[in-house]
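Below is one structure; the comments refer to it alone.
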Amino acid sequence: MVITRKVEFSASHVCRNPELSDAENQRLFGMAANPHGHGHNYVVEVSLRGDPDPVTGMVLDLKELKEILRREIVEPYDHRFLNYEVPPFDREVPTTENIARDIWRRLEPRFAGRTGQLHGVRVYETPDLYVDYFGELPCSA
Amino acid sequence: MFRVTRRYGFAASHRLHSIELSEDENRRLYGKCNNPYGHGHNYVVEVSARGPLDAVTGRAVDTALLDDLVRREVIAPFDHRNLNVEVAGFASVPPTSENLGYEICRRLKRNWKEVFPGEWPKLEKIRIGETPRNIFEIGADEIE
């Protein structure tokens, strides 16, 4: 069984690779490379896979899941400029892909040894663009 | 593994009618979707591609390239059109969302390598919603 909980945060970012020229960044990232940054209302869906506990009937207590997502995602990300305030985006371009992977890395240890294992992280940058990340699996998996 | 999904929309009219069936059978099968002058929908199309991260850009899919491909192959020919009359293929095949999904997937698959010549990203699937309540999903592997 897969259960999913959604959280939101608002943040600003700029997509530039410092090793590339301005023209190259503009070509690769378009308006997302504008130097002073811009922002989004991000929506994150976190999915856990597992069997319901036979006593509680729950894969994971949703109150606890809510608290984990608040602490690991909302707390560090909400109302921040990702490039300046949220590592690893001081050295990684805060693309939707890299944000999804960073959130996965923050969350995965929190569910180690639990009945509900992290299954997927979906990050919506806008309602028209989202990325699913399923961990360090080969792309053919 | 990353899956990147982009959402697009187009508005089009259609009429469900099979040339294999009689007038009565069409009416019975498709109901109001068979009304003679057709009707329309705001279609929503999601296109998903998968691949590893590009080390330079931090992205798995160049969405500007994907947008160009989808706009050229799907949005431009379908948007504000009568599908039965103006989109090749739907003169003889009823433009159900199933068949629309197959057609969209075929068009993207046929032109994919021209836009994304490397091993990655690969087209994974498309989803088409005729209305927010009817959604059809087709894996790129399901068609030729």
For the stretch B:48-73, give me each residue that is farther than 10 Å from B:PRO121 by Cα, within 7 Å of chain A (Cβ to nearest Cβ) and among the hydrophobic types (A, V, I, L, M, F, W, C). B:VAL56, B:ALA64
Could you go through the stretch A:128-140 and let me know if any residue there is surrounded by 15 or more Cβ atoms within 10 Å (Cβ to Cβ), assigned to a loop (DSSP other than H, G, I, E, B) and touching a Pro at 6+ places or on another chain (Cβ under 6 Å). yes
When you go through B:ALA12, B:ALA49 one by one, which is the residue that is hydrophobic (A, V, I, L, M, F, W, C), farther than 30 Å from A:TRP104 by Cβ, touching a Pro at 6+ places or on another chain (Cβ under 9 Å) and not in a loop (DSSP other than H, G, I, E, B)? B:ALA12
Every residue in the stretch B:84-116 that is under 15 Å from B:HIS17 (Cβ atoms), hydroxyl-bearing (Ser, Thr, Tyr) and in contact with a helix residue (DSSP H, G or I) (Cβ under 9 Å, 6 or more places away or on another chain), please. B:THR96
If we keep just the residues of the stretch A:111-141 that are in contact (Cβ under 8 Å) with a residue 60 or more places away in the chain and of a type in the set (S, T, N, Q), which is farthest from the other protein chains (Cβ to nearest Cβ)? A:THR115
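Yes/no per residue for (1) touching a Lys or Arg at 6+ places or on another chain (Cβ under 8 Å); (2) closer than 23 Å to A:GLU136 by Cβ; (3) in a strand (DSSP E or B); (4) aromatic (Phe, Trp, Tyr):
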{"position": "A:SER10", "(1), (2), (3), (4)": "no, no, yes, no"}
{"position": "A:GLY30", "(1), (2), (3), (4)": "no, no, no, no"}
{"position": "A:HIS36", "(1), (2), (3), (4)": "no, no, no, no"}
{"position": "A:VAL44", "(1), (2), (3), (4)": "yes, yes, yes, no"}
{"position": "A:ASP53", "(1), (2), (3), (4)": "no, no, no, no"}
{"position": "A:GLU72", "(1), (2), (3), (4)": "yes, yes, no, no"}
{"position": "A:ARG91", "(1), (2), (3), (4)": "no, yes, no, no"}
{"position": "A:TRP104", "(1), (2), (3), (4)": "no, yes, no, yes"}
Applying the selection to the stretch B:97-144, what residues are of a type in the set (Ser, Thr, Tyr) and outside any helix (DSSP H, G or I)? B:THR131
Every residue from the stretch A:84-104 that is in contact (Cβ under 8 Å) with a residue 60 or more places away in the chain and away from chain B (no Cβ under 12 Å): A:VAL86
Determine, yes or no, whether B:PRO94 is modelled with pLDDT of 95 or more, outside any helix (DSSP H, G or I) and surrounded by 15 or more Cβ atoms within 10 Å (Cβ to Cβ). yes
Name every residue in the stretch B:1-31 that is touching a strand residue (DSSP E or B) at 6+ places or on another chain (Cβ under 7 Å) and small (Gly, Ala, Ser), in order of residue number. B:GLY9, B:ALA11, B:ALA12, B:SER13
Checked B:ASN26, B:ASN35, B:ASN82 against criteria (more than 30 Å from B:TRP120 (Cα to Cα) and touching a residue at least 40 places away in the same chain (Cβ under 8 Å)); the one match is B:ASN82
Matching residues in the stretch B:41-72 (surrounded by fewer than 21 Cβ atoms within 10 Å (Cβ to Cβ) and basic (Lys, Arg)) number 2
Checking B:GLY31 against (1) away from chain A (no Cβ under 14 Å); (2) crowded, with 18+ Cβ neighbours inside 10 Å, the condition it does not meet: (2)
Please enumerate the residues belonging to the stretch A:9-59 that are away from chain B (no Cβ under 14 Å), without any contact (Cβ under 8 Å) to a residue 40 or more places away in the chain and charged (D, E, K, R). A:ASP22
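Residue by residue, here is whether (1) at negative phi; (2) charged (D, E, K, R); (3) loosely packed, with under 14 Cβ neighbours inside 10 Å holds:
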site	(1), (2), (3)
B:GLU103	yes, yes, no
B:TRP112	yes, no, no
B:GLY118	yes, no, yes
B:LEU123	yes, no, no
Before we move on, is B:GLY38 buried (at least 18 other Cβ atoms within 10 Å of the Cβ) and more than 14 Å from chain A (Cβ to nearest Cβ)? yes
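The values are calculated or read from the model by the stated rules, or taken from the named source; none is laboratory data. Since this is a predicted model, take the numbers as computed values, not measurements. Reconstructed Cβ throughout: ideal geometry from the backbone, glycine too, with neighbour counts over all protein chains shown.
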